[in-house]
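Inspection log for the structure reproduced underneath, given as structure tokens.
Any read-out appearing in this document is the output of simple, stated calculations on the displayed coordinates, not a laboratory observation. Keep in mind that this is a model prediction, so the values were computed, not measured. Neighbour counts are summed over all protein chains in view; Cβ atoms, including those assigned to glycine, are modelled from backbone coordinates with ideal geometry.
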Amino acid sequence: MRKLIGVLPIVSTAVLVALLSKPIGGLPALGKLLDPVTGCWASAESVSKNYNHKLKLDGLKGDVTVKFDERLVPHIAANNDYDLYYTQGYIHAYFRLWQMDLQTRAAAGRVSEVLGDKALKFDRTQRRKGMVYGAEQSLKAMEADPRSKQMMDAYTAGVNAYINTLNYKRYPLEYKLAGFEPEAWTNLKSALLLKYMADDLTGSTDDIALTVLRDALSPEAFVALYPERLQGVNTVIPRDTIIQTPTLSTPTAPADSIAFAHLKATDFETSEEGKGSNNWALSGSRTKSGKPILCNDPHLGLNLPSLWYEVQMTAPGVNVYGVSLPGAPGVIIGFNENISWGFTNNYRDVKDFYLIKPATANTYWFAGKEHGYTNRVEKISIKGKPDYYDTVRYTIHGPVIYDQTFHGPGGLNKPLAVTWMAHRPSNEVLALYLLNRSNQYDEYVKAIHYFLCPAQNMLYADKHGEIALWGQGQFINKWKGQGRYVMNGADSSTLWGDNIPVAENPHTRNPRQGYIASANQTVTDTTYPYWYNGTFHEFRAWRINDVLRNTKAATVEDMFALQNDVYSVLAANVLPVMLQYVSPSAISDKERNYMELLNNWDYKLTAESKAATVFQLWWTNMYNTFWAKLYTQSPDPLRPTPERTMQLLKEGSPYLGNIKDAVIASLRNSMDSLDKLKKADRLQWYRAKNTSVRHLTKLAPFSFTNLKMGGWGNTVNATKTDHGPSWRMVVQMGDEVEAYGVYPGGQSGNVGSKYYATFLDKWVKGEYYRLNFYTAKTKPAAKYTWTINPKNK
Amino acid sequence: MKKTIIVACVMAFLGGIFSLFMSGLWIAAVLPFIVTVSMQVKGRQGFGLGFLGIALLWLVLILLKDVPNHHILSTRMAGLLSLPNAALFILVNVFLGGLIGGLSGWSGAVMNKAFRKS
């Protein structure tokens, strides 16, 4: 008996240790996490950590030197392309492995594997969208070209060389928190990451919502509320730019009754006001130095670790600086000694839906015949649960994304297939390879013509003084209206037709106006010979054009100011109209007090402005009031754009109903929210909107909130709550490149590192770093050096 | 008492060497047991010795990480566990180690007692 009692403490120790080593409920394995040797403490990086390294790596062909500057930006110098991308892969993994891993798992619909069945719906959506299918298609194209194949093989080898050095102790902290392990990198994962970007930038469309509204509204009302093209816009491609004769003629549209499907119970992906990015370039005629200046600030989700990783990459034939995507080789946005480039999303619609007409359980109707589905069985592994199998049926149009077993967002239960440019083979990796090495306009054009999806407005400026922009992507020669609504999947006339030759994409080179600006607005005016639709945003483009039109001797500082500009074109246009409808007798004293804040307001959404908060709330309420009636016509309708609403308000359009009542009612409705904000001392605009840069896990202690920043989607500085300028770059070309940049994050993905969010302060303040671009002439001092040699030599 | 402190310090020192190739959790679960068995420690002393030795070891290991890190990680981890500051997080963390060490030491002591008297 005593012996038995003697064993008891041993058992209890063993049980305690075992309990602490296993995740319980939603909690991580606490014992392992709090282990002072191998747990979270292993991620506590000394603030004076010496990053100097001597490495011997397997598979490298020659010696590589990496110099890190004081911001921990690596400047990689390799002797050949293979080693260059190998080292980039190694460095991405060294600083950002968990993020790369999670994002590619998310792209592939494999989050349930590590987070359990709460992610099953997300995973099924990804599979049904055909994310992996699209990545596989592109990977074929990428591996078919020796340059991109070598680039991806090298990158993958570099990532895996780093992963192979890891043990539990050295895993990034997030793995220990979520209880999973890094897995080997593959070329497919890099392809998936690029599809993830394509999905982010071209994934949402209004097709389904417009299909319902088109049936629900009178034709006149529909055209007035949802014009195919907004009037009075500043297009990306200036009007006077010559457009060559098209080589393809526009196909004839089939009769409406054949072309389109009709939906009733449906839902759609909402469009947010002013989502997107800005880029603009000034020719030397408009700058103080006489040299062109290129500016870009792509707006994306604000997360930590940041989407971007700064890097300079040098090898024979290439010396490029810019931001890269951890998980993909090359530099995405940046410059070299001769050219600079920037991207904004193009927003032409490249994703269309088809209503499938089932014949039997395994067949559907197309062109009068029965066709069988090609089934793709998606196995979704779920942590702690049996595997889930989802059969995705592929039609001639593409995968059936919604059906009875997987309803659309609003409970849509009819089978819809999706045709999406991201499903087609394309080699964006080769585009980046060539772009990074381009030295003049023709090379740049040749490079970007490989970039097919997501379509981007690709801006260009070079040291010879040229500026240019291409609305680049692969587009289809559509008949008028094709794909704007859900189409009839049983008729062959609705199929996508020929590719528009990429050389006929909208473009402009050294336009007379002396500048080019794109901010996700309408790409061309109606003189462009091919028909297209899209989700375009105009407010920022109006403002940027207004400013640049009057800019004569611009400096880089002027460009910083414009990227941080918070003047609201929306407010300047609608507020005077709104105020006209408010008679002093119609409002209460309290309402008057808030109204007084709007007196003499300069329409700037500055961080401290209280007027900005009052306006934004009032406007949002009014916008919702105007369009509330659409809910009687459609379960969850798409509202006309804020731009169109602004125009209708200024015209006093009857489509808005009784405007005076709506203005007063929405002012009244704003009082509660304003009082609450005032009570909580959050009336200042930055406190009301709460710009946050959150860790990908959304864990609050790893995130930064309440950042003191102005702006909103309708201003050039489009800093919203969790979305905004993800990389601000200003580059002045010339014999010596003068470049500035900043992104909301830091070079290290480790939450225990001082480099985790180093740049955030400057980004919040609207300040920039001068970028250290190493050339044969300038070699700034390095803070740390990695000397890397091949292992087998 | 004085002897207990000295033994605890020795245990922590040994643990420090083990930490070069073992996890802190394993050291806490095994080392006090070995020490109490080999030193024929009895009764409640075993728990105290294990607790003290491992708490000391974990405290030193943690401070060696935390101080050069300027509490960046510990502050964020404290937030994760809804603790008000890094110091309290470290205290909880050290207590956890002590608890495992104490149980391990107690196991050794009870073993000693059980086997000697039979």
Query raised in the report: What size of dipole, in debye to the nearest 20, comes out for segment A:595-679 about its Cα centre when the only charges are +1 on Lys and Arg C-beta atoms and -1 on Asp and Glu C-beta atoms?
Result: 100 debye
Report summary line: Ordered by fewest other Cβ atoms within 10 Å, a rough proxy for footprinting exposure, A:His464, A:His423 read A:His464, A:His423
**Report entry** Estimated 222 nm signal from helices in chain B, with DSSP H stretches of n ≥ 4 weighted -39500 (n - 2.57), rounded to 500
**Finding:** -28000 deg cm²/dmol
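How large is the dipole of chain A about the Cα centre if only Lys and Arg carry +1 and Asp and Glu carry -1, each at its Cβ, rounded to the nearest 20 debye?
Numbers: 88 positive and 74 negative charges, 398 e Å.
Around 1920 debye, computed over chain A.
Restrict the search to segment A:674-774; then list the GluC sites (Glu not before Pro) that DSSP places in a loop and that have at most 14 other Cβ atoms within 10 Å of their Cβ. Numbers along the way, then the final one.
Details: sites: A:Glu736, A:Glu738, A:Glu767; in loops: A:Glu736, A:Glu767.
Those that pass, being in a loop and sparsely packed, are A:Glu736, A:Glu767.
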Query raised in the report: Looking at A:Val486, A:Pro358, A:Tyr755, which one has the Cα that reaches farthest to the positive end of the dipole of chain A (charges on Cβ: Lys, Arg +1; Asp, Glu -1)?
Result: A:Tyr755
Query raised in the report: Among A:Leu570, A:Leu597, what is the fewest-to-most ranking by other Cβ atoms within 10 Å?
Result: A:Leu597, A:Leu570
Report summary line: Neighbours of A:Val523 by Cβ distance under 11 Å: Lys/Arg at +1, Asp/Glu at -1, summed charge +1
Report summary line: Charge dipole of chain A built from unit charges on the beta carbon (Lys, Arg +1; Asp, Glu -1), centred at mean Cα; most positive-end Cα among A:Leu325, A:Thr235, A:Pro454 is A:Leu325
Report task. Select from B:Ser23, B:Ser74, B:Ser104 the residue whose mean-square fluctuation is largest in a Gaussian network model of chain B (Cα-Cα springs shorter than 10 Å). Result -> B:Ser23
Query - Cα gyration tensor shape of chain A, rounded if a/c is under 1.5, else prolate or oblate by comparing a/b with b/c - result: rounded
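Only counting other Cβ atoms within 10 Å, I'd like A:Thr419, A:Thr785, A:Thr527 sorted with the fewest neighbours first.
Numbers: A:Thr419 23, A:Thr785 14, A:Thr527 11.
Going from least to most buried by this count: A:Thr527, A:Thr785, A:Thr419.
In terms of the Cα gyration tensor, with a ≥ b ≥ c the square roots of its eigenvalues, is segment A:583-703 rounded because a/c is under 1.5, prolate because a/b exceeds b/c, or oblate? The partial results should precede the final answer.
Numbers: a/c = 2.02, a/b = 1.24, b/c = 1.62.
Judged from the Cα gyration tensor, segment A:583-703 comes out oblate (a/c at least 1.5, b/c at or above a/b).
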Query raised in the report: Which ³J(HN,Hα) values in Hz, rounded to whole numbers, follow from the phi angles of segment A:7-22 under the Karplus curve 6.51 cos²θ - 1.76 cosθ + 1.60, where θ = phi - 60° and Gly and Pro get x?
Result: 7, 3, x, 5, 4, 5, 4, 4, 5, 4, 4, 5, 4, 6, 8, 10
